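The next block holds one structure in the form of structure tokens; read it before the comments.
The values are calculated or read from the model by the stated rules, or taken from the named source; none is laboratory data. Values in this document were obtained by computation on a predicted structure and should not be read as measured data. Note: ideal-geometry Cβ built from the backbone for every residue, glycine included; neighbour counts use all protein chains shown. Side chains are part of the model used for accessible areas, which takes the heavy atoms of the whole protein and leaves out ligands, DNA and RNA. Shrake-Rupley method; radii C 1.70, N 1.55, O 1.52, S 1.80 Å.
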Amino acid sequence: MTADELLAMPDDGWRYELVKGELRRMPPPGDQHGWVGMNLGGPLHTFVKENKLGVVYLAETGFKLESDPDTVRAPDVAFVRQERVQETGPLQGYRFGAPDLVVEVLSPRDTIREVEEKVWEWLMAGARMVWVVSPKLRTVTVYRSLTDIVTLTEKDTLDGGDVVPGFKIRVGDIFAS
């Protein structure tokens with residue numbers, strides 16, 4: 001399957017990603033996944049918009065990471081710098097390349113192998129930072145590369161570093177209901 005064929009699929013209530021031309025079906029995420037994602041995505045969006053840093057995308061927005069065979073991944077939250085958005089303007093299809101920042105909120109069904117595969121794909125496609133949020137462990141693991149990895153706990157502060165300069169949020173606030 002191609003990215004164009006994925007984009008043209010009718011909405012059947014499932015979420016899909018395309019990995020090297022193979023369609024992967026995923027059930028919609030559950031309650032906790034949704035509010036944890038919003039607890040991080042909401043403040044990130046507000047900060048980015050107020051500071052005119054770029055665009056924050058919500059879940060199910062696809063990014064085309066590879067062609068022939070196509071790979072389209074959809075993070076839970078994504079950020080793309082203003083300069084990159086201005087280069088292309090609004091797009092009807094998938095944005096090519098990884099976002100600058102990717103946020104993946106873990107679901108109970110996610111396996112370590114699946115998460116590692118996604119992080120690797122995002123970084124190899126050019127993501128400058130990946131945040132893996134674990135509601136179960138109440139941690140955020142920050143990947144800047146496959147070797148620059150830091151895990152933050154509820155008492156720590158997550159910051160955007162040089163990817164989203166000035167953004168900060170207490171990790172515990174991400175998990176507050």
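A compact table of results
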read-out: Residue that is nearest to the chain's Cα centre (by Cα), among those in the range 95-114 that are among the aliphatic types (A, V, I, L, M) and open to solvent by 30 Å² or more (accessible area, probe 1.4 Å); value: LEU106
read-out: Answer from ASP100, ASP70 - the residue that is of a type in the set (Asp, Glu), over 30 Å from LYS136 (Cα atoms) and modelled with pLDDT of 95 or more; value: ASP70
read-out: So VAL119, is it buried (at least 18 other Cβ atoms within 10 Å of the Cβ) and at pLDDT 95 or above; value: yes
read-out: Within the range 136-159, considering residues that are part of a loop (DSSP other than H, G, I, E, B) and either within 13 Å of the chain's Cα centre (by Cα) or of a type in the set (A, V, I, L, M, F, W, C) (or both), the one surrounded by the fewest Cβ atoms within 10 Å (Cβ to Cβ); value: LEU146
read-out: Flag for LEU18 being open to solvent by less than 50 Å² (accessible area, probe 1.4 Å), within 15 Å of TYR94 (Cα to Cα) and touching a residue at least 40 places away in the same chain (Cβ under 8 Å); value: yes
read-out: Number of the exception - ASP12 against (1) over 14 Å from PRO75 (Cβ atoms); (2) in a helix (DSSP H, G or I); value: (2)
read-out: Residue under evaluation VAL133, criteria (1) over 16 Å from LEU158 (Cβ atoms); (2) under 13 Å from the mean Cα position of the chain (by Cα); (3) touching a residue at least 40 places away in the same chain (Cβ under 8 Å); (4) open to solvent by less than 10 Å² (accessible area, probe 1.4 Å), criterion not met; value: (1)
read-out: Candidate set from the range 52-94 (those that are more than 29 Å from ARG25 (Cβ to Cβ) and assigned to a loop (DSSP other than H, G, I, E, B)); member that is least open to solvent (accessible area, probe 1.4 Å); value: GLY89
read-out: Residues that are closer than 17 Å to PRO99 by Cβ and either of a type in the set (D, E, K, R) or without any contact (Cβ under 8 Å) to a residue 40 or more places away in the chain (or both), drawn from the range 159-177; value: GLY161, ASP162
